[in-house]
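Here's the structure, in C-alpha cells; my notes come after.
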C-alpha cells in the first residue's frame, strides 16, 4: 500500500442542520487515482470541496473532523489557504476557461502568484500544455481565444491551467461528463499519465470510467463511506450489498 | 451476495432483468438436454439400443446451437450493458458453463458412436457393469450441478466437485479390471477397447461437471476456485464440517 497523501479523519459536515457528510474516514494514497462514486446528493462533490476548503465561506456550514495533507491538518488556523489551493488543483464538470487567450489561461495562476519573467511563463505554459496532451493541437494558436476551442480541448486547457502552478494533488469533478467519447478517452488517458506525478481524486457518475482509470474506489451513500477498496475488487466482487446494488444498477 | 437470487429482477432496467433471466433459463434448458444425452448414451450402450444412440447424437446438434446462441447473448450483453459485480460474474460463469455443457454433449455423442460400433461388430464385450456404475455416478453429478445452479446452492456444488474424486478413483479401478479382461482373453481386445473409450468419456464428463460446479461457486461467491484442491474450495465456502478422506486428497485439483 502506497503511503497516504490525504488522510480524512472523522469528517462531518452539516449545512443548516442537514448532515451532508457523516464521519468520513478515508486515506487517499499518493500517486494513485482514487475514484469517489455514489448517487447524486451523496456528498461526493462536498467531500472534494472540503479538501480544497471551498466550503469554508458557505453560510451555516459546519465542518468537524480533520483532513491532513502530507500529515498537516489543513483546517488548523495557521494553514495558508492560498498555498493549499496551489497544492490542490481542481477541475470541474463544465470546462471553464477564462475569456482570454489560450496562453493567458495557462499562465493565469502563475501571474497571480507573482511570476513575471516571460521565459519562465513560456516554459511553464508549454510544459503544462504538453502534460495535458494539448500542446500539439494549440502550439500555433496560443493567442487565440480559449473559448474557440472544442469542449474536449477546453477541458484539457483547464487541466493545463491547474497543472501550471505545480500542484501535487489534482481533483477532477466529473471531468468528462460533458464531453464526447473520443475526448473522454483522451481525458482518461491523460489521468493515467498524470498519476505518475500527481495524486488524483476523481468524482464520477460514470462507473465504467471509475473502473477504467482508478486504482482505488470509495463508494459514498448518504454522506457515509459505504465501502472502499481496490477498484478491481469493488467492480467484480463488492463486499456490501449497497455497493453491489449501486454499481449493477439495481433498486436499493 | 448469497441473497441475490431474486436479484435478477431488481435492475432499474427491466430489459436487462429479462436478458439475464433469459440466459440463465436457456443455460438450464441446455443443461436438461445434455443431461438427457448422457442418460440416453449410457442406456443405448448397455441395452444395445442403436436407435436411441442415433437420437442422442442428433440432440448434440441442438446443444451446439444453444451454446452458440447463449454465448452470443453473453457477448452482446457485455458489450451493451457493461455488467459489473454479480451480473458480470453471472454472465461470465454462464458463458463458461455452456462451453462445458457442450463438451459433455460431445462426450455423450462419442459414447453413442462406440455403442453403435460395438453393436455393428456383433460383440458383447465385458465392462458394461463398470460403464453402468460410473455412468450412474456422472449422471447424478450433472443432475445435482444443474439443481445447484437453479438454487444457487454452493454446498451442493461442493458435493459435485467432491464426487469427481470418486469418479476418478472408480475410473482407475475399472480400467485395471478391463486390462485384466483383455489379458485373459486377447480376442476380446477390440470390444473392450471400445468400452475403455466409453469409460474415458464418462470420466471426462465428471470433470466437466466439476467445472460447472466451480463456475457456480465463482458466480455466487466471487472466488475463482478453478485448479484448487477440495480443501481450499471448502475454505472458500467457509464450510467447517469435519474433513473426510476426499477433502484431504492432495491430488484433488
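Separation of region B:172-246 and region A:22-78 by C-alpha centroid, Å?
56
How far apart, in nm, are the 7 Å Cα→Cβ label points at residue A:168 and residue A:118?
Each label point lies 7 Å from its Cα, and together they span 3.4 nm.
Just to confirm the number: angle between the C-alpha axis of helix A:151-164 and the first principal axis of chain A, 0 to 90 degrees, nearest 10?
90
Tell me whether region B:106-249 comes out rounded, prolate or oblate; compute the Cα gyration tensor, take square roots of the eigenvalues as a ≥ b ≥ c, and use a/c under 1.5 as the rounded threshold.
On the way: a/c = 3.41, a/b = 2.11, b/c = 1.62.
Prolate is the answer for region B:106-249, as a/c is 1.5 or above and a/b outweighs b/c.
Could you tell me what percent of the DSSP beta bridges with both partners in chain A are antiparallel, to the nearest 5?
Working: 25 of 42 bridges.
Just about 60 percent of them are antiparallel.
For residue B:244 and residue B:175 in the same chain, what is the full-extension length gain: residue separation times 0.36 nm, less their Cα-Cα distance, in nm?
On the way: separation 69, 0.36 × 69 = 24.84 nm, distance 2.52 nm.
Between residue B:244 and residue B:175, full extension yields 22.3 nm more.
Once Rh for region B:11-236 is found with the Kirkwood sum over Cα pairs, what is the Stokes-Einstein diffusion coefficient at 20 °C and 1.002 mPa s, in µm²/s? Mind dumping the intermediate values first?
Values: Rh = 18.3 Å.
Answer from the Stokes-Einstein relation: 117 µm²/s.
Ranking B:177, A:248 by Cβ neighbours within 10 Å, fewest first, what do you get?
Values: B:177 15, A:248 25.
Starting with the residue having the fewest Cβ neighbours, the order is B:177, A:248.
I need B:112, B:74 ordered by Cβ neighbour count within 10 Å, fewest first. Intermediate results must be reported in sequence, preceding the final value.
Details: B:112 28, B:74 22.
Starting with the residue having the fewest Cβ neighbours, the order is B:74, B:112.
Among DSSP beta bridges lying fully in the protein assembly as shown, give the percent that are antiparallel, nearest 5. Intermediate results must be reported in sequence, preceding the final value.
Details: 26 of 43 bridges.
Restricted to the protein assembly as shown, the bridges split so that about 60 percent are antiparallel.
Using the Cα gyration tensor of region A:5-123, with a ≥ b ≥ c the square roots of its eigenvalues, what is the shape: rounded (a/c below 1.5), prolate (a/b larger than b/c) or oblate (neither)?
Working: a/c = 1.97, a/b = 1.75, b/c = 1.12.
Prolate.
Could you work out how far apart the two model spin labels at residue B:251 and residue B:12 are, taking each label as a point 7 Å from the Cα in the direction of the beta carbon, and quote it in nm?
Going from the residue B:251 label point to the residue B:12 one covers 5.4 nm.
Going 7 Å from the Cα of residue A:148 toward and past its Cβ, which residues in region A:96-120 have a backbone nitrogen under 13 Å from where you end up?
Correct set: A:100-103.
For region B:60-126, what is the Kirkwood estimate of the hydrodynamic radius, computed as the reciprocal of the mean inverse distance between distinct Cα atoms, to one decimal in Å? Mind showing how you got there, number by number?
On the way: mean 1/r = 0.0713 Å⁻¹.
Averaging 1/r across every pair of different Cα atoms and inverting gives 14.0 Å.
Tilt of helix A:118-131 relative to the longest C-alpha principal axis of chain A, in degrees (0 to 90, nearest 10)?
Around 50 degrees separate the two axes.
At a Förster radius of 45 Å, what calculated FRET efficiency corresponds to the Cβ-Cβ distance of residue B:69 and residue A:140, to the nearest 0.05?
Values: r = 55 Å, r/R0 = 1.21.
After rounding to 0.05, the efficiency reads 0.25.
How large is the Kirkwood hydrodynamic radius of region B:12-123, counting all unique pairs of alpha carbons, in Å?
Working: mean 1/r = 0.0663 Å⁻¹.
The Cα-based Kirkwood calculation yields 15.1 Å.
Add -39500 (n - 2.57) for each DSSP H run of 4 or more in chain B, then divide by its residues: what number comes out at 222 nm, to the nearest 500 deg cm²/dmol?
On the way: 7 runs with 197 residues, N = 253.
Rounded to the nearest 500, the figure is -28000 deg cm²/dmol.
Given points 7 Å out from each Cα along the Cα-Cβ axis, report the residue B:124 to residue A:78 separation in nanometres with one decimal.
10.3
Send over the Kirkwood Rh of region A:110-161, from the inverse of the averaged 1/r over different Cα pairs, rounded to one decimal Å. Numbers along the way, then the final one.
On the way: mean 1/r = 0.0873 Å⁻¹.
Evaluated over region A:110-161, this radius sits at 11.5 Å.
Order these by the 10 Å Cβ neighbour count, fewest first: B:11, B:129, B:215.
On the way: B:11 21, B:129 11, B:215 26.
In order of increasing Cβ crowding within 10 Å: B:129, B:11, B:215.
Work out how far the C-alpha atoms of region A:154-241 reach from end to end along every principal axis, then list the three figures in whole Å, largest first.
Taking the Cα atoms of region A:154-241, the three principal extents are 41, 28, 24 Å.
How large is the translational diffusion coefficient of the protein assembly as shown in µm² per second when you combine the Kirkwood radius over alpha carbon pairs with Stokes-Einstein at 25 °C and 0.890 mPa s?
Working: Rh = 27.0 Å.
So the translational diffusion coefficient is about 91 µm²/s.
For helix B:128-151, report the angle its Cα long axis makes with the longest principal axis of the Cα atoms of chain B; keep it between 0 and 90° and round to the nearest 10°.
Approximately 10 degrees, to the nearest ten.
Calculated from DSSP H runs of 4 or more alone, at -39500 (n - 2.57) each and per residue, what is the 222 nm mean residue ellipticity of chain A, nearest 500? Intermediate results must be reported in sequence, preceding the final value.
On the way: 10 runs with 93 residues, N = 252.
Rounded to the nearest 500, the figure is -10500 deg cm²/dmol.
All of the numbers you see were taken from the coordinates with simple rules; none came from a lab. Everything numeric here is computed off the predicted structure, so don't read it as measured data. Neighbour counts run over all protein chains shown; Cβ positions are idealised from the backbone, glycine included.
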